[in-house]
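In what follows, a single structure is set out as structure tokens and then discussed.
The values are calculated or read from the model by the stated rules, or taken from the named source; none is laboratory data. These figures come from a predicted structure and were not determined experimentally. In this analysis, Cβ positions are derived from the backbone assuming ideal geometry, glycine residues included, and neighbour counts consider all displayed protein chains. Heavy atoms of the whole protein, side chains included, go into the accessibility calculation; ligands, DNA and RNA do not. Shrake-Rupley method; radii C 1.70, N 1.55, O 1.52, S 1.80 Å.
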Amino acid sequence: MTTLADPVPGGRPGDVERATALSGELAGRGVHGIVLAYVDTAGVARVKTIPSGRLADAAAWGVGMSPVFDTFLAGDAIVTTDVLGSPDGDLRLYPDLDRLTVLAAQPGWAWAPVDRITQDGAPHPGCSRTFLRHTLTDARARHGLDFRAAVEIEWSVGLDSAPAGEFVPAATGPAYGATRLVELGDFGADLLAACAAQGVDVDQFHPEYAAGQFELSTGALDPVAAADRSVLVRHTVRAVARRHGLRVSFSPAVNATGVGNGGHLHLSAWRDGVNLHTGGVRRYGMTAEAESLAAGVLARLPALTAVTAPSPASYLRLRPSQWAGVYTAWGLETRECALRLVTGTAGLRDRAANLEVKPVDLAANPYLALGCVIAAGLEGVESEAVLPPETTGDPAHLAPEEAAAREVRRLPKTLAESVEAFRGDEVLRTALGPVLADAVTAVREGEVAQVDGLEDAQIAAAYRWVY
Ligand code: GLU
Ligand code: MG
């Protein structure tokens, strides 16, 4: 479980002793450096590193890094808000010792996600990991609810030898095909070994639909740990690929056309250790609260896409009939609705039943995405929201009157449209707080401006190797 307490100057009780012991262990395992990782508003993983011997100092006093990265764009241009984007100021990065992981594919290195606090010792209002932690603390205090989550990881594997900037798939043959796994079998085996060594319990690994595309899914954890894990898994995939002369992209659309890379979220709400998505009296065994949670997410999807699909490249992926879920619709085990109800197999339902949110990709900051989806769901619980009729099959084929009866609408087709929806969404803005909400708006508007006048192929190329 994630420690929900904020870091404090000097360290929380026991932190420094623990970090001192861990530092000794790391030295014994030949680890020289620790990667301190967080994800910025644009969805880019940013890092600082420290020598392993400095871990206790970092646990006590943090490591300095400018807040300016909160308003970096994916291409490293910088935008501003009322309070962010200036070259002034500094923050302290505090490694989460519970998540410290020796990196199996990068000998000599360990990795830890960080929380960011101000130099005065207060939580940084722009820290997305803190936002998610606080959302969970709130859900427990106000509703007695706990959450479990998992982030699916899809990516494209290309040849490192490809001409600069281009994507040449490293595996060919049919979708989900055995040939692809033979071509990249060594890479896959090393990836599974690295995940196992790092304590990442992989559910499945398989070739996906598009050329060179693969997917890895993992078990559910508390949402902060799930977001951490999605960052760690991507770091690991990248590192393993490098050792095989391969280059990977988690971009929503490595090419302008065809099936993209998703980062579907799986979420379940629990009370007193009981899964609320099964054993209830509503459709498919949902409890009233699980239905309200789903209805809350469904209602806010257009605004949520500004957080879950944050890149101009996200909208090359978010197209109908590509399993990306681009309609405000829900259904049982359906892959074209934005919300897919997963009941799990008979005998496993109390563990496995959950809600899958599909219009999410890996350009998204996973802490912001999970926090906002949970905030939307909690609003549904508070207002006792109910789901509209379910949808079966592909909503793209519904006649207009049928779509209207089911409240099925197309999600935003551009980043500009989703920012517009986000700007008008008081629930999400309030949940994020003004600093993060303004950062999201400014960064998205900045990305929109960056691609003004670009063709789809140019957009795909501009973001291809960023995520
Ligand atoms: N690649 C699809 C997407 O863009 C998802 C495929 C699947 O359902 O696993 O989300
Ligand atoms: Mg998939």
Against the empirical 2.2 N^0.38 Å scaling, what ratio does the C-alpha Rg of the range 122-211 come to?
1.60
Given the rule -39500 (n - 2.57) for each run of at least 4 DSSP H residues, summed and divided by the residues of the chain, what is its mean residue ellipticity at 222 nm, to the nearest 500 deg cm²/dmol?
-11500 deg cm²/dmol
Theoretical FRET efficiency, 1/(1+(r/R0)^6), r = Cβ-Cβ of Asp160 and Ser66, R0 41 Å, to 0.05:
0.80
Separation of alpha-carbon centers, the range 310-353 and the range 70-102, rounded to whole Å
31
Reduced to Cα centres, the span from the range 373-426 to the range 1-64 in Å works out to 40
Between the alpha carbon centres of the range 122-177 and the range 244-300 the gap in Å comes to 12
At 27 Å minimum axial length over the Cα atoms and a Kyte-Doolittle cut of -0.5, report the qualifying DSSP H helices in the chain, or say none.
223-243, 288-308, 426-450
Cα-based Rg (one decimal) and Dmax (whole number) for the range 279-422, in Å?
14.5, 45
For the chain, what are Rg and Dmax over the alpha carbons, in angstrom?
21.3, 67
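Using a 1.4 angstrom probe, figure out how much accessible area the chain has per residue, in square angstrom, rounded to the nearest whole. Could the numbers behind the result be given before it?
Values: 17750 Å² over 467 residues.
That works out to 38 Å² per residue.
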Convex hull volume per residue in cubic angstrom - Cα atoms of the range 414-467
80
So, for the Cα atoms of the range 155-205, Rg and Dmax in Å stand at 12.8, 36
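Of the accessible area of the chain, with the probe set at 1.4 angstrom, what percent is carbon plus sulfur?
53
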With the range 22-75 reduced to its Cα atoms and the Debye formula applied, log10 I(q)/I(0) at q = 0.22, 0.28, 0.32 1/Å amounts to -0.83, -1.06, -1.23
